[in-house]
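Working notes, structure below.
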Amino acid sequence: MTNLDGFFLFAFFILGAIVGSFLNVCIVRLPKMQSIVAPASRCIHCATPIPWYDNIPLISFLVLRAHCRFCRKKISFRYFLVELLTALAFVLFYEHFGLQLILVPYLFLLSGFIVATFVDLEHRIIPDEISVGGLVAGLALSLLVPQMHDTSDMTLLAGRWFMVILVAFCFVLLLVGHFLQKDQETTSIEPDTAESDGMFYTMILIACGLVFLIHSLWPLLEKPGWENILPHTLSLEASLIGFLAGGSSIYAMGMVGDLIFRKESMGGGDVKMLAMVGAFLGWKLTILAFFIAPLFGALAGIVVKIRTKESVIAYGPFLALGALVSLFWGNQIIDFILRGYGFF
Ligand SMILES: [Zn+2]
């Protein structure tokens with residue numbers, strides 16, 4: 001390890017701890033619909049504003065021995081855990097991807113995962129600020145950083161077909177569900193979620209349209225003078241396809257589950273979360289994440305069931321784990337599977 005390498009490892013650890021400290025604010029405030037910028041940090045027990053020297057990531061928690069300086073009440077270990085986890089994850093990401101532009105979108109995604117995981121574990125929701133906000137960020141970053149996506153003709157062509165079939169399948173399921181529900185006269189969906197779901201479906205249709213718009217612009221973009229723009233638009237197309245494939249695959253699974261078990265099995269938050277993953281990872285790695293997540297989920301589900309006799313678990317953390325495995329080793333795993341089936 002060179003001195004410079006050591007410096008960057010250290011710098012990413014510090015940066016991660018600082019970001020983690022901000023993620024803690026998001027984890028506490030987003031579920032309560034509070035602003036994440038103002039007011040400044042306060043003790044959750046006595047509401048005393050926390051001075052800067054008590055707000056140093058990792059260190060303050062240890063110095064104060066997990067107690068508020070003013071009211072002496074306990075500070076949750078989660079604050080320290082999130083800061084340490086984020087710091088270590090930043091170091092791992094730097095080690096794995098190197099000092100490249102691609103680190104920026106991936107660290108964004110990681111940060112979203114950490115917030116989604118801790119909020120979902122506590123409140124059983126994934127805030128729209130993370131999932132829908134992350135989805136928009138993923139699309140924008142894809143446009144800016146084309147290295148995020150495999151934009152080979154084969155991947156885009158297969159992705160477009162895969163996406164169309166999945167989205168069409170979702171709308172068929174939606175129709176079937178609609179007619180079945182009419183018989184039962186039950187509306188399990190609350191008005192506010194119905195409104196945000198409606199917006200989400202509109203986004204899906206717009207995204208589908210955009211994919212084909214971009215595709216129809218190809219001949220124009222391949223002309224001389226546009227070479228610099230082409231990779232960016234292809235990357236955006238890959239991101240849109242990933243968003244649609246991710247969102248509709250888990251939506252379809254949830255709908256099939258609903259129709260079979262006649263009860264809500266997959267939350268809207270999970271659909272939006274995998275849609276966000278798709279916007280960052282593209283369709284291949286996202287579908288892989290879709291299959292990896294239940295492996296973690298099943299393991300944890302068994303543990304939870306044995307310990308608490310509860311059968312409902314937060315699924316967001318497993319989607320995040322699946323997506324991280326897919327991000328780090330997905331291409332090797334896909335190669336391995338395709339080789340196993342004799343494609344090479
Ligand atoms: Zn206090």
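Every number in this text was worked out from the coordinates using simple rules, so none of it is lab data. Keep in mind that this is a model prediction, so the values were computed, not measured. Note that we place each Cβ from the backbone using ideal geometry, even for glycine, and neighbour counts take in every protein chain shown.
Centroid-to-centroid, using Cα positions, segment 102-123 and segment 76-96 are 11 Å apart. The relative contact order of segment 130-340 comes to 27 percent, based on Cα pairs under 8 Å that sit 6 or more residues apart.
With a Cα cut-off of under 23 Å and a minimum spacing of 8 residues unless on different chains, the lysine pairs in the chain number 8.
Suppose a student asked you for the relative contact order of segment 1-111, using Cα pairs under 8 Å spaced at least 6 residues apart; what percent would you report?
On the way: 99 pairs, mean separation 41.9, N = 111.
The value is 38 percent.
A simple spin-label model places the labels of residue 171 and residue 88 4.7 nm from each other, with each point 7 Å out along Cα-to-Cβ.
Give me the distance between the Cα centres of segment 126-149 and segment 230-258, rounded to whole Å. Here the answer is 12 Å between Cα centres. The Cα atoms of the chain give a gyration tensor whose axes a ≥ b ≥ c have a/c of 1.5 or more with a/b no greater than b/c, which makes the shape oblate.
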